[in-house]
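Visitor: Dropping the structure in here first, questions after.
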Ligand code: KIV
Ligand code: ZN
């Protein structure tokens, strides 16, 4: 057993779900969705919310500004490349926050300097210092990131950090931008920075790891063991390529192994599971069943030996409880006799905080479902909330649908939709009932996307279970995911397809700039 540590130091959680997470394909969110995520992150106890990259697009700017105006308990960071335009725009977006932060960055690796920036070490150093000084004119709370730090020359990296700290950076971030580092090596890099940057004690060391080799979480905790006191991460590990380090894993590693790290976070861990479900509901991107902490099987013990041990003493095979991450099964059966108070209580237990009118809307859908289904499970309630509440006002809505199919009939769908406030009705044939429905919807919405993926899942067991449909569609270079749930899987399919078309419209409007443009 490793030696126990008695004092506990605080590690700040910097969540970048709304920036690094959101910028990856399939995870695009609109403003109301981003706002809901920001509120959830605040109640989760995240120290810093990176709300977006304000210069990237008008939509990003407005979302960051709105989030900055409503969130009070977390710092709000806006990302900016190391130039005046980006920095001033980021400040414009975050300045109304209770605790604003400007996060500016530039690459420091030779490979990026030579091929991308086409600048010398000295030139990049000057740009970095100038950027931090510019940001400092706006706020004392400035973070500097050395992009591709793990492939940078260590001594040059230390020189850059020393100079930006001198210029006023209060957080220096060490990104493993391409997910190249190995835990021991990354830990030793943090130790090297602590030893070789003379003014390091004036700043917080942060890390930001990508998961290309599946090591983002291992690298992040190796950094904490070597003195990093801020970790950048995302819910469910969403993000560019293989994703970012996952918040839930880092937080639970530090909580469960506090004895080893002597460090912990402020995160209210019982809100982890609802936060994970919220991201899944909004993006439509599901987590793998065997994912640590929040996967469907993370607490499912199938083996007889394990079950026997657990019955005798939970500690035999359980290093943390499902309740500690907010996974609680209700002892209360919900059905058509359940009233609005019981419904509200269950919704709250599931970790959702809904406004009164949202609750009313969800309760109405719950009643409709309970009329058809004997027992309504937690998963049904989550699906109702995802569909009725979490989704933003849509351009296209389904009003009515009838589908004919069978062994002899030609599958035909008749669909009535609300398209930007106008009622439009049409019909089409298809190779099957879903195909007929999709063809009619495409006709009504005058859209020409191609279907990349179609998957049906049963939300709970039983023949009266709701079907949850996920579709992935593409138009030109834009790929989006849509989800729909209903007891009738053809209707669930239509809802998923319409949800994807709404997301496509939103994504098309977002003509953003990438980090390097
Ligand atoms: O991965 C990266 O290097 C980044 C920086 C902007 C911090 O996302
Ligand atoms: Zn990143």
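Visitor: Which residue, of 168, 179, is more than 11 Å from ligand 1 (Cβ to nearest atom) and either more than 23 Å from the chain's Cα centre (by Cα) or at pLDDT 95 or above (or both)?
Guide: Every option except 168 fails the conditions.
Visitor: Something else about it: Considering only residues that are part of a loop (DSSP other than H, G, I, E, B), in contact with a strand residue (DSSP E or B) (Cβ under 7 Å, 6 or more places away or on another chain) and without any contact (Cβ under 8 Å) to a residue 24 or more places away in the chain, which ones fall in the stretch 400-429? Give the steps one after another, and end with the answer.
Guide: Kept after step one, since they are part of a loop (DSSP other than H, G, I, E, B), are these residues of the stretch 400-429: 405-411, 420-421.
Narrowing the set further to residues that are in contact with a strand residue (DSSP E or B) (Cβ under 7 Å, 6 or more places away or on another chain) leaves 410-411.
Scanning the stretch 400-429 gives a single hit, 410.
Visitor: Would you check which residues across the stretch 10-46 are within 16 Å of ligand 1 (Cβ to nearest atom) and in contact with a helix residue (DSSP H, G or I) (Cβ under 6 Å, 6 or more places away or on another chain) and list them? Give the steps one after another, and end with the answer.
Guide: Start the filter on the stretch 10-46 by keeping residues that are within 16 Å of ligand 1 (Cβ to nearest atom), which leaves 12-25, 27.
Listed by number, the residues that qualify are 15, 17, 18, 27.
Visitor: Tell me yes or no: at least one residue of the stretch 185-193 is at negative phi, within 14 Å of ligand 1 (Cβ to nearest atom) and modelled with pLDDT of 95 or more. Even if it seems obvious, please write down each step before you answer.
Guide: Of the residues in the stretch 185-193, the ones at negative phi are 185-193.
Next cut, within 14 Å of ligand 1 (Cβ to nearest atom) only: 186.
If we keep only those that are modelled with pLDDT of 95 or more as well, we get 186.
Yes - at least one qualifying residue is present in the stretch 185-193.
Visitor: Only one of these is in contact with a strand residue (DSSP E or B) (Cβ under 7 Å, 6 or more places away or on another chain), assigned by TED's automatic domain parsing to the domain that holds residue 172, over 17 Å from residue 506 (Cβ atoms) and more than 16 Å from ligand 2 (Cβ to nearest atom): 68, 63. Name it.
Guide: On the way: 63 fails: over 17 Å from residue 506 (Cβ atoms).
Answer to the check: 68.
Visitor: Restricting the search to the stretch 54-74, which residues are buried (at least 18 other Cβ atoms within 10 Å of the Cβ) and farther than 27 Å from residue 10 by Cβ?
Guide: Result: 54, 55, 56, 59, 60, 61, 63, 65, 66.
Visitor: I would also like to ask the following. Considering only helices (runs of 4 or more DSSP H) fully contained in the stretch 172-286, which possess at least 3 residues that are closer than 26 Å to residue 82 by Cβ and within 14 Å of ligand 2 (Cβ to nearest atom)? Give the steps one after another, and end with the answer.
Guide: Numbers: elements: 183-196, 216-225, 247-256, 258-261, 272-283.
Fully inside the stretch 172-286 and qualifying: 216-225.
Visitor: For the stretch 226-239, give me the residue count where each residue is in contact with a helix residue (DSSP H, G or I) (Cβ under 6 Å, 6 or more places away or on another chain) and either away from ligand 1 (no atom under 15 Å from the Cβ) or under 17 Å from residue 150 (Cβ atoms) (or both).
Guide: Number satisfying all stated conditions: 8.
Visitor: Among the residues of the stretch 365-381, write down those that are out of contact with any strand residue (DSSP E or B) (no Cβ under 9 Å at 6 or more places or on another chain) and touching a residue at least 12 places away in the same chain (Cβ under 8 Å).
Guide: Here is the first cut: in the stretch 365-381, the ones out of contact with any strand residue (DSSP E or B) (no Cβ under 9 Å at 6 or more places or on another chain) are 365, 367-368, 371-374.
365, 367, 371, 372, 373, 374 - these are the residues of the stretch 365-381 that are out of contact with any strand residue (DSSP E or B) (no Cβ under 9 Å at 6 or more places or on another chain) and touching a residue at least 12 places away in the same chain (Cβ under 8 Å).
Visitor: Also, I was wondering about something else. Among 49, 55, which is the only one that is more than 21 Å from residue 390 (Cβ to Cβ) and either in the same structural domain as residue 248 (by TED's automatic domain parsing) or under 11 Å from the mean Cα position of the chain (by Cα) (or both)?
Guide: Every option except 55 fails the conditions.
Visitor: Right, something else. Could we say that residue 473 is over 19 Å from residue 280 (Cα atoms) and either in a strand (DSSP E or B) or touching a helix residue (DSSP H, G or I) at 6+ places or on another chain (Cβ under 9 Å) (or both) here? Break it down into steps so the answer makes sense when it comes.
Guide: Working: over 19 Å from residue 280 (Cα atoms): no; either in a strand (DSSP E or B) or touching a helix residue (DSSP H, G or I) at 6+ places or on another chain (Cβ under 9 Å) (or both): yes.
It is false that residue 473 is over 19 Å from residue 280 (Cα atoms) and either in a strand (DSSP E or B) or touching a helix residue (DSSP H, G or I) at 6+ places or on another chain (Cβ under 9 Å) (or both).
Visitor: Out of 152, 145, report the one residue that is under 29 Å from the mean Cα position of the chain (by Cα), more than 26 Å from residue 49 (Cα to Cα) and within 16 Å of ligand 2 (Cβ to nearest atom).
Guide: The unique qualifying residue is 152.
Visitor: Can you name the residue in the stretch 149-159 that is surrounded by 23 or more Cβ atoms within 10 Å (Cβ to Cβ) and under 19 Å from residue 123 (Cβ atoms) and, of all such residues, is farthest from ligand 1 (Cβ to nearest atom)?
Guide: The extreme case among them is 157.
Visitor: If you check every pair at least six apart or on different chains, which have Cβ atoms under 6 Å apart with a residue in the stretch 159-182 that is in contact (Cβ under 8 Å) with a residue 12 or more places away in the chain first and a residue that is within 13 Å of ligand 1 (Cβ to nearest atom) and in a loop (DSSP other than H, G, I, E, B) second?
Guide: 160/108; 177/148; 179/211; 179/212
The values are calculated or read from the model by the stated rules, or taken from the named source; none is laboratory data. Values in this document were obtained by computation on a predicted structure and should not be read as measured data. Every residue, glycine as well, gets a Cβ built from its backbone with ideal geometry; the counts of neighbours run over all protein chains shown.
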